[in-house]
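Here is the structure we will look at, set down as structure tokens.
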Amino acid sequence: MTHHPDQSLPRSRQSISGPILGPGSRRVVGLAALAAVVALLPLLLPNAFYFDVAIRIAILAVNGIALNLLMGYTGQISLGHAGFFGLGAYGSAVLTTHFGWAPLPALLAAAGLTAVIAWGVARVILRLRGHYLAMATLGLGIIISIVLGNEAAWTGGPDGMPVDGFSLFGLTLSGERQWYWVFGGLLIATVILAQNLIDSPAGRALQALHGSETAASVAGIDVGRRKIAVFVLSATVSAMLGSLSAHYSGYINPGIAGFLQSVELVIIVVLGGMASIYGSIFGAVVMGLLPQILAGYEGWDSVLFGVILVVTMIFLPRGVVPSLATRLRSAGVTGKGGAAC
Amino acid sequence: MLTVANLSKRFGGVHAVQDVSFTIPRGCVYSVIGPNGAGKTTLFNLISGLYTPTSGSIGFEGQEIGGAAPDQLARRGMSRTFQNLQICRNLSAIDNVMVGAHLTLNSSMVAGMLRWPGLSRADRACRERAAALMERVGCGAFIRADAAAMPYGALKRLEIARALASEPKILFLDEPAAGLNHTETHGIQTLVADLARSGLTVVVVEHDMKLVMSVSDRILVLNYGRRLAEGTPSEIRENPEVIAAYLGADAEED
Amino acid sequence: MLPELLQFILSGMTLGAMYMLSALGFSMIYNASGVINFAQGEFIMVGGMAASFLSAAGVPLPLACVAGVMIAGLVGGLVERMAVAPARDAEVASIIIITIGVSMILRGLTEILLGKRPHALPHFSGEAPLALLGATILPQSLWVLAAGALIVLGLSLFFGRTRIGKGVLATSYDRLAAQLVGVDVRRVLTLSFALSAVIGAVGGVVIAPISTVAYDTGMMLGLKGFVAATLGGLGSGPGAVFGGLFLGLIEALTAGYVSSAYKDAVPFVLVFIVLVLRPQGLLGAKPTDRI
Ligand SMILES: Nc1ncnc2c1ncn2[C@@H]1O[C@H](COP(=O)(O)OP(=O)(O)OP(=O)(O)O)[C@@H](O)[C@H]1O
Ligand SMILES: [Mg+2]
């Protein structure tokens, strides 16, 4: 991978004059802001339609963060991640509809099954590099969506299938407002867990193998095992999310696992910023809102969307959040007179 | 401590290392020298598990390790730096050093996600140790910098700090002084001597003869992948073959 | 039995020639710039759509075809200049997103300008099938095969004989070195996009009479070109030719003998298996890591 000259600018994780601490206090601020937005947003949302949009953004954000762990932090591209989301969704749908399972065991079983599949696949494909890995994951996603579309006896084929609501201990989630708190909570939990991971020795190992597999392995990191582990983690999170969103939307079709959905996730990660959790949230907001705003302008929606992608990547090649953060910080640093070195 | 016997590595038609044997005693400074392309880096790559030998054996503390994976060898106490830097440019400088300490920390992903009790404290202690190491190797000025923002010389030292962070038994340095100026080279020389005095076994590939002659207990000379000579610095200095093949060539370069 | 097999092989070769052209375009851009161009399918679509539109508007067929190909070539060059070149130093993932953005723009613009309806060109030499050892083949299929063969021949002459072709090759081996010996690397990169658009558009034009084109037909063709290029080994010319034909054959045979429902899955299963067995593709060189 080539590096943009911008990247040679200091963008230290610690403040220039602060103690040699790990990333810490800044995390709390970000998290508090996110929690406040999630908690206060319902006051601004006029009706169920807007709750639905907010929920879809949260789903995209969690999925984006899951993919970012794999792509942005560990450096392994996946163009088929929606396939795992689809496996979770259909796993839950089939187990609850055809076998009469309760939603929670179905969700866990679907996640477990997806984890096993992801593990088997990861073992063979994560040896591949760059574009070959992109091709393999792309193929995997497409195969999953074609299978879902063809096994009509189980999945309803291209038309899709209905899914019951989510109930636990006799209580059933109903309505956008209740689901909003589920997905809002899930988003916050995902951010906390993902940041914990990234800041831990395990997360450092993932980023290290992104930076240099050679250096990582010589430092005692089992590169192959780590890649498989993060792939399985990422796929499993997507699967669980797929299960929940299947119960939420009440109806699923093979499109949710398709190539376009996988591309959407990659756009979220790259547009928002690789290796940036809040970048993925930003990307999800953009991808969740833009189609709503552009809807109804047939043809133009596609053009405008394309233009936004191209222009953003040209002017903010590292993604919106990291690129802007660097600019803000370097402006602040030069103001105080002096760079890091 | 390390015994290499009849080690060979071929790349297609190139015999990068051919039938090389030597033994490195514990606690000494052992240098490997030879003209460009002699196979020194390949030898390091073989010993540290990055390449699989075509034939021959490598014994470390009495056990055969030829063909073992690099991370397994790291567990056994091997550590190294690279001639062509292997820096994680997506991490801060101090995080690079902490990567070296990977094996000393609980690196389970579940523990990380759940912030296992004690994990943060151990990580913070590790960060302080990493900072101390950076001071020790002479790149303390960059403790708060990003690796991507550091100059070449500082990165060479950063790699040494990272290699030391794993608390190795044996340390391999591939051209630690390449591209450094006179004073910096002298700093490396003192550092190597210090490390050896603390009981670490250090293996150095280096073109700077003054450094090699002053720090080494023993020297191995490679030429076209083959062992040309082995002995103490004074023996090597006097060896006519070495003078002809290597020192002569080096004199031409200067 | 045998005529049936021959029939599948003939349709597989036609399909394969199409995939081959898409794959050649992929490989050309990949070689020159290291970019995987997700807009490759849109180049094919633009060529086919433009030619169909012009022909329907009364432009004589040969002229419409040439114009369609040239419009696509122009689009390819413009895409490089306006969208890819400005992001030269960005990471691979960012450039992938740019080419995805470009494909959306081209798809959207075509939809706005030419509508959602599928377009078709008249068959070049009539629609009466020719008999061949008990199987039949459309004259248009012969056009597809001939166009494929001509492009392969033309490309090998271009890279082997012409100065600018050698410049493209030099750039793909080592961009900096090529620059030092006086190759205008910027022009080479623009040219490689234009040329790969032309190659794709030729495919789009000759296939349009058989399978019609619409604003959204590019994506699948592009993806299969990517599959074919990967099968053969990314960046390898012979690999693209082999990968394309192989893919077309396997797809036609599966559709004929196994299951047409899973026809579209075949390329992806195939590439998956090949990559697992040979991570560098069938004809690709094994990469060596220097440490
Ligand atoms: N991965 C590889 N693939 C093919 N050939 C290689 C590879 N690595 C090294 N070689 C070849 O092996 C020979 C020895 O190279 P090596 O890098 O070990 O030399 P060296 O002694 O370290 O030289 P220098 O002093 O320049 O660093 C050279 O001819 C080199 O071209
Ligand atoms: Mg070397």
Percentage relative contact order, segment B:88-167, counting C-alpha pairs under 8 Å, at least six apart:
52
Between beta-carbons, use under 11 Å as the cut-off and find the net charge around residue A:123, counting Lys and Arg +1, Asp and Glu -1.
+3
Spin-label proximity, residue A:50 to segment A:274-307 - amide N less than 19 Å from point 7 Å beyond Cα toward beta carbon
A:285-295
Result for segment B:88-167: accessible area per residue, probe 1.4 angstrom, in square angstrom, of 36
With point charges of +1 on the Cβ of Lys and Arg and -1 on the Cβ of Asp and Glu, referenced to the Cα centre of the protein assembly as shown, which listed residue (A:206, C:16, A:239) lies farthest in the positive direction of the dipole?
A:206
Taking Cα centroids, how far is segment C:82-139 from segment B:175-225 in Å?
61
Quick check: with the 1.4 Å probe, what order do A:210, C:119 take by accessible area, largest first?
A:210, C:119
Averaged over A:142-150, number of beta-carbon atoms from partner chains that fall within 10 Å:
4
Helix-only CD estimate at 222 nm, as mean residue ellipticity for chain A, using -39500 (n - 2.57) per DSSP H run (n ≥ 4)
-23500 deg cm²/dmol
Using θ = phi - 60° and the Karplus relation 6.51 cos²θ - 1.76 cosθ + 1.60, list the HN-Hα couplings for segment B:169-177 in order, rounded to whole Hz, with x at every Gly or Pro.
8, 9, 10, 10, 10, 9, 6, x, 9
Please report how far the C-alpha centroid of segment B:8-42 lies from that of segment B:93-131, rounded to the nearest whole angstrom.
35
Out of residues 5 or more away from residue B:92 or on other chains, whose amide H comes under 5 Å of its own, with H placed 1.01 Å from N in the peptide plane?
B:147
Once both labels are modelled 7 Å past Cα along the beta-carbon direction, what's the residue B:85-residue B:152 spacing in nm?
1.0
Taking a cut-off of 29 Å, what percent of all Cα-Cα pairs in chain A are separated by more than that?
41
Buried accessible area between B and C, both sides, 1.4 Å probe, in Å² rounded to 100, is 300
Residue by residue, what Karplus-based ³J(HN,Hα) values in Hz, rounded to whole numbers, does segment A:321-327 have, using 6.51, -1.76 and 1.60 with θ = phi - 60° and x for Gly and Pro?
5, x, 5, 5, 4, 4, 4
Taking residue B:40 as the anchor, which aspartates and glutamates have their alpha carbon closer than 12 Å to its alpha carbon, excluding any fewer than eight residues away along the same chain?
B:174, B:175, B:206
Assuming R0 = 22 Å, what is the FRET efficiency of residue C:130 and residue C:6, from their Cβ-Cβ distance, to the nearest 0.05?
0.95
Protein accessible surface hidden between A and C, which excludes ligands and nucleic acids, total in Å², probe 1.4 Å:
4200
Please give the residues of segment A:182-226, grouped as numeric ranges, whose backbone N is less than 14 Å from a label point set 7 Å along the Cα-to-Cβ vector of residue B:114.
A:193, A:197
Around residue B:203, which amide H atoms from residues at least 5 apart in sequence, or from another chain, sit under 5 Å from its own amide H, with H modelled in the peptide plane?
B:30, B:171, B:172, B:173
How large is the convex hull of the Cα atoms of segment C:1-90 per residue, expressed in Å³ as a whole number?
117
Using Cα positions and a limit of under 13 Å, work out the aspartates and glutamates in reach of residue B:9, with same-chain residues fewer than 8 apart set aside.
B:19
Send over a whole-number figure in Å² for the accessible area per residue of segment C:113-172, probe 1.4 Å.
59
Relative contact order, percent, chain C [alpha-carbon distance under 8 Å, six or more residues apart]:
36
I want to check the label-to-label distance for residue C:187 and residue A:32. Put each point 7 Å from Cα in the C-beta direction and report it in nm to one decimal.
6.1
Determine the calculated [θ] at 222 nm for chain B from helices alone, applying -39500 (n - 2.57) to every DSSP H run no shorter than 4 residues and normalising by the residue count; nearest 500 deg cm²/dmol.
-11000 deg cm²/dmol
Kindly report the accessible area of chain A per residue (heavy atoms of protein chains, probe 1.4 Å, no ligands, DNA or RNA), in Å².
39
Projected label distance in nm at residue B:122 and residue A:168, using a 7 Å step from Cα toward the beta-carbon:
3.1
Computed for B with A: buried accessible area summed over both chains, 1.4 Å probe, rounded to 100 Å², at 3800
According to the Kirkwood expression over distinct Cα-Cα pairs, how big is the hydrodynamic radius of segment B:88-167, in Å?
12.7
Leading residue at positive end of dipole, the protein assembly as shown (Cβ point charges), from B:180, A:60, C:205:
B:180
Candidates C:29, C:207, C:105: whichever shows maximal mean-square fluctuation once chain C is modelled as a Gaussian network with Cα springs under 10 Å:
C:105
Would you mind checking the tilt of helix A:259-272 against the longest principal axis of the Cα atoms of chain A, expressed as 0 to 90 degrees and rounded to 10?
30
Whole-Hz ³J(HN,Hα) from phi, Karplus 6.51 cos²θ - 1.76 cosθ + 1.60, for segment B:211-228, glycine and proline x
4, 4, 5, 7, 9, 7, 8, 9, 9, 10, 10, 10, 8, 6, x, 9, 6, 9
Ranking B:196, B:168, B:107 by how far each Cα lies towards the positive end of the charge dipole of chain B (+1 on Lys and Arg Cβ, -1 on Asp and Glu Cβ), the top one is B:107
Taking square-rooted eigenvalues a ≥ b ≥ c of the alpha carbon gyration tensor, is chain B rounded, prolate or oblate, where a/c under 1.5 means rounded and, failing that, a/b exceeding b/c means prolate?
prolate
The set of residues whose placed amide H lies less than 5 Å from the amide H of residue A:76, leaving out same-chain residues fewer than 5 positions away, is A:71
If r is the Cβ-Cβ distance from residue B:232 to residue B:193 and R0 is 22 Å, what FRET efficiency results, to the nearest 0.05?
0.85
In Å, descending, principal axis extents of the Cα set of segment C:102-172
46, 43, 16
For segment A:40-299, averaging the sequence separation of alpha carbon pairs under 8 Å that lie six or more residues apart and dividing by its residue count, the contact order in percent is 42
Dipole magnitude of segment B:88-167 about its Cα centre (Cβ charges: Lys, Arg +1; Asp, Glu -1), debye to nearest 20
80
Counting only other chains, what is the mean number of Cβ atoms within 10 angstrom of the Cβ of each residue in peptide C:103-110?
6
Determine the share of the protein assembly as shown's accessible area contributed by carbon and sulfur atoms, expressed in whole percent, with a 1.4 angstrom probe.
64
If you put +1 on each Lys and Arg Cβ and -1 on each Asp and Glu Cβ, how big is the dipole of the protein assembly as shown around its Cα centre, in Debye rounded to 20?
1020
Among A:169, A:282, A:231, whose mean-square fluctuation peaks in a Gaussian network model of chain A (Cα, cutoff 10 Å)?
A:169
Rg (Å, one decimal) plus Dmax (Å, integer) for the alpha carbons of the protein assembly as shown?
29.9, 92
Keeping all protein chains in the complex and leaving out DNA, RNA and ligands, what accessible area do you get for residue B:152 with a 1.4 Å probe, in Å² to the nearest 10?
100
So if I place +1 on the C-beta of Lys and Arg and -1 on the C-beta of Asp and Glu, and nothing else carries charge, what would the dipole magnitude of segment A:40-299 be about its Cα centre? I want it in debye, nearest 20.
680
Residue-count net charge about residue C:278 - beta-carbon cut-off 15 Å; Lys, Arg +1, Asp, Glu -1
+3
Where the centroid of each part is defined by its Cα atoms, how far is segment A:155-179 from segment A:206-279 in Å?
25
Hey, with R₀ at 60 Å, roughly what FRET efficiency would residue C:262 and residue B:244 work out to, going by the Cβ-Cβ distance, to 0.05?
0.30
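The values are calculated or read from the model by the stated rules, or taken from the named source; none is laboratory data. If you're wondering where the values come from, they're calculated on a predicted model, not measured in any experiment. FYI the Cβ positions are ideal-geometry reconstructions off the backbone, even for glycines, and counts take in every protein chain you see. The accessibility values were calculated without ligands, DNA or RNA, using every heavy atom of the protein model including side chains. Shrake-Rupley method; radii C 1.70, N 1.55, O 1.52, S 1.80 Å.
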